[in-house]
1. When we measure straight from the Cα of A:K123, which aspartates and glutamates land under 15 angstrom away, once same-chain ones fewer than 8 places off are left out?
2. Looking only at the protein assembly as shown, where both bridge partners belong to it, what percent of the DSSP beta bridges are antiparallel (to the nearest 5)?
3. Is there a simple number for the mean count of other chain Cβ atoms within 10 Å of the Cβ of residues in A:45-58, and what is it?
4. Calculate how steeply helix A:144-170 sits against the longest principal axis of the alpha-carbon atoms of chain A, using the helix alpha-carbon long axis, and give the answer as 0 to 90 degrees to the nearest 10.
5. In chain A, if the dipole is taken from +1 on Lys/Arg beta carbons and -1 on Asp/Glu beta carbons about the Cα centre, which of A:S61, A:Y221, A:Y240 is farthest to the positive end?
6. For the range A:81-97, just list the computed ³J(HN,Hα) in residue order, Karplus coefficients 6.51, -1.76 and 1.60, θ = phi - 60°, integers in Hz, with x standing in for Gly and Pro.
7. Once amide H atoms are built 1.01 Å from N in the peptide plane, which residues 5 or more positions from A:V192, or in another chain, come under 5 Å H to H?
8. Run the numbers on chain B and let me know its relative contact order in percent, using alpha-carbon pairs under 8 Å that are six or more apart.
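Nothing in this text is a laboratory measurement; each read-out follows from the coordinates by a stated rule. Bear in mind that the values here come from a model prediction, so they are computed numbers and not experimental data. Note that each Cβ is placed from the backbone with ideal geometry, even for glycine, and that neighbours are counted across all protein chains shown.
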Amino acid sequence: MTVWLQSLGQAGLLIFERVGRAGLFLLRVLAGLPSLLLQPRLVVSQLYSVGVLSLLVIVVSALNVGMVLGLQMYNTLVDFGAEASLGPVVALSLVRELGPVVAALLFAGRAGSALTAEIGLMKATEQLSGMEMMAVDPLRRIVAPRFLAGLISMPLLAAIFSAVGILGGYFVGVGMLGVDDGAFWSQMQSSVDFHEDILNGVIKSVVFGFVATWIAVFQGYDAVPTAEGVSRATTNTVVYSSLAVLILDFILTALMFGGF
Amino acid sequence: MESKTVQVAVGVFIAAGLAALFMLAMKVSNLSTFSTQQGYELTASFDNVGGLKVRAPVTMAGVRIGRVTSITFDQKTYEAVVKLEIDPKFNQIPDDSSASILTSGLLGEQYVGLQPGAEDKYFQPGGEVKYTQSALILERLVGQFLFNKAEGGGAKK
């Protein structure tokens, strides 16, 4: 019994220690962000690996998500003779929910895991301690540019996801199923509000980008410097970021759309 | 050379992201139909607003000319006070126009319809719509209909 309690207490302490380390780590990374203004080149190369390389998976999934939404919603709406509402349904579900959330999940799987593996391997091969020896702060040189790149990429990826998804819904709805072209766009415009829907979606994607990138770089930086440790850190990144995104999405949705 | 392709790709990526945002703003949302300049405000008091919601359209002859910005309850008159924001383009609405709450289609959302009056004077910003007609409450109509039917049926026998 006492052993069990002891291990429980130890596990609890470890969790709090980890959360505390993650918080301090975030503060140090944020403190390192201003110095990046002098070295934009570092950020650009990270934007390439975090943002540009995620673009393909984002576009392809967005197109498919949009087309599936178009097909499914059409089948339901046509029963009520309301197939002209296809535009608002597709646009609202993409802009408010699916765009930011699915983009963030894909981002965690595509870019987050790569960030963790890269930083974790740098740690395992002692490149990070080598930098410290040369009086280069690895947090500023390695982690901060990646963090900033994730923070910039995520809202852009989510916006691309929503836009491409709406186009996918348009192809299926108007192109294949014969919904009226004008009604599709005009109904969409009259029911989607820029501040209420689109800006809130952008805010969501900024929050998700922040959290997912934070988890990814911290897991890499904090990984046990062995092959097994890096692989576990990579798994943790995907699992924790997905959970964090989904939980935060509920909280943000409740705050933004729940009680007006 | 390779860093140049990277830079171009990043530039294209950021431009695509901003273009997507721009498309969402202009093509998907109502930002383009409603200019950012503020319209002028009118108030109208209704006995019952039914299911009217904030942001519902305000129309005249079926054309959208503004939207509902707030719905509050006045404790003194026991009426609902609805604030309407009218597009500044439409500044020649007679000030004896009447407002009524209508439903688009059988199941559609409710909106405010303005019927033009005959006055030469126009609504000024902050003006009040004096003549209003409440929303039709379906339950009340059905109840009234049944009541009349029952009464009529009783008299015949």
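1. Correct list for A:K123: A:E132, A:D137, A:D222, A:E228.
2. Expressed as a percentage, antiparallel bridges in the protein assembly as shown total about 75.
3. 3
4. Its long axis makes an angle of about 20 degrees.
5. About the Cα centre, the residue reaching furthest to the positive side is A:Y221.
6. x, 10, 5, 5, 7, 4, x, x, 4, 5, 5, 5, 5, 6, 5, 7, 10
7. The answer is B:N30.
8. Relative contact order, chain B: 23 percent.
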